[in-house]
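Structure, as C-alpha cells:
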Amino acid sequence: MLIVITGPSGCGKSTLANLVLEELENVTFSVSYTTRRKRDKEIEGEDYHFVSSETFEKMIQDDKFVEWAMVHENYYGTPKSALERKAMGGDLLLDIDVQGADLIREKHEETVFIFILPPLFPELRKRLEKRGQDSESIIQKRLGVAREEIKRYREFDYLVVNDELSKAVEELKSVILSQRCRREIREKEIMPILRSFAEGD
Ligand code: ADP
Ligand code: 5GP
C-alpha cells in the first residue's frame, strides 16, 4: 500500500513521518529527489537526494520519476526505484505536495491519501520561523502556497490536525493500521488462511 501525506510546508509532515516510521513496522519512507538546498539537519539519501537542476532534468528525460513537480521554485520528485522497492513488500510512505498527490491518484490503486493541517495559520508561520531554515521571503512564499493548498483538503481520505504532536502521531498510525485491515488490502494476506480452510484438517 502507498501512504501519501500532504500538507502545507511547516505543518510537521517530516516530524510526523519520522516518528511514525520509528513506531510502525513494515513501512519505509520514499526518499524524493530535490533541487532545493539541503537544510543543516538533513541527511543526503535519508531526507532527500539533493541534486542539481541539470541532474533532475536528465532524470525527467530518462523517465526516472513516478511523479515530479515544481514546488516553491524547486523540483521535487518520487523516483520509480522507491516503488520498485515497495513491490518487495511492506508499505511506502510518500511526503509529497498536492500536485504529486494528483498524479499518484491517477496512476495508483491501493493508496491512502492523508492531509495534515496545522492548528491555525499563525502557528504555521511560527513553525516555519522556528525551523530557522528559510529566509523571510521564502517563508512568505511558503505561506502563500499554504493558503491555496489548504483549500484542497476535500480531495483527501483522512485529515490529521498536527496540534499536539503525540496525538497527531497516534492518529496517523491509526489511519495506517486501519487501512491495512481494509478488505481489498488484506485479501492477499489471508489467502493461506482461506486455502487451509478449503483443504480442511
Ligand atoms: P514539514 O515537513 O511539514 O515542512 P517539519 O516537520 O519540518 O514540517 O516541521 C516544521 C517545524 O515545526 C519544525 O521545527 C518542527 O519541529 C515543528 N513541529 C512539528 N510538529 C509540531 C507540533 N505538533 N507542535 C509544535 N511544533 C511542531
Ligand atoms: P520541503 O522543501 O519543505 O522539504 O518540501 C516542500 C514541499 O515539497 C512539501 O509540500 C513536500 O511534501 C513536497 N515534496 C517533497 N518531496 C516531493 C516529491 O517527491 N514530489 C512532490 N510532488 N512533492 C514533494
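The values are calculated or read from the model by the stated rules, or taken from the named source; none is laboratory data. Computed from a prediction, not measured in an experiment: that's the story for all the values here. Ideal geometry is used to build each Cβ from the backbone, glycine not excepted, and the neighbour counts take in all protein chains shown. Please note that ligands, DNA and RNA were not included when accessible areas were found on the heavy atoms of the full protein model with its side chains. Shrake-Rupley method; radii C 1.70, N 1.55, O 1.52, S 1.80 Å.
So the values come out like this:
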read-out: Among residues of the range 32-58, those that are among the acidic types (Asp, Glu) and open to solvent by less than 30 Å² (accessible area, probe 1.4 Å), counted; value: 1
read-out: Helices (runs of 4 or more DSSP H) fully within the range 115-198 counting 1 or more residues that are farther than 22 Å from VAL71 by Cβ and in contact (Cβ under 8 Å) with a residue 24 or more places away in the chain; value: 165-180, 183-186
read-out: Selection status of THR35, of a type in the set (Ser, Thr, Tyr), in contact (Cβ under 8 Å) with a residue 40 or more places away in the chain and within 16 Å of ligand 1 (Cβ to nearest atom); value: no
read-out: Residue among ALA146, ALA101 that alone is within 15 Å of the chain's Cα centre (by Cα) and either surrounded by fewer than 17 Cβ atoms within 10 Å (Cβ to Cβ) or among the aliphatic types (A, V, I, L, M) (or both); value: ALA101
read-out: Selection count where residues are open to solvent by 10 Å² or more (accessible area, probe 1.4 Å) and touching a residue at least 40 places away in the same chain (Cβ under 8 Å), scope the range 10-31; value: 14
read-out: Listing of strands (runs of 3 or more DSSP E) fully contained in the range 1-86 that carry 2 or more residues being within 13 Å of ligand 2 (Cβ to nearest atom) and touching a Phe, Trp or Tyr at 6+ places or on another chain (Cβ under 8 Å); value: 2-6, 32-34, 48-50, 65-71, 74-79
read-out: Qualifying residue in the range 60-76 (condition: modelled with pLDDT under 95, over 22 Å from GLU109 (Cβ atoms) and of a type in the set (Val, Ile, Thr)); value: yes
read-out: Filtered residues of the range 59-75 (kept if charged (D, E, K, R) and open to solvent by less than 40 Å² (accessible area, probe 1.4 Å)); value: GLU67
read-out: In the range 163-190, residue modelled with the lowest pLDDT [restricted to those that are open to solvent by less than 70 Å² (accessible area, probe 1.4 Å) and hydrophobic (A, V, I, L, M, F, W, C)]; value: ILE185
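Results for (1) touching a Gly at 6+ places or on another chain (Cβ under 8 Å); (2) of a type outside the set (Val, Ile, Thr); (3) more than 16 Å from ligand 1 (Cβ to nearest atom), shown as yes or no for each residue.
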site	(1), (2), (3)
ASN74	no, yes, no
ILE114	no, no, no
LEU117	yes, yes, no
LYS130	no, yes, no
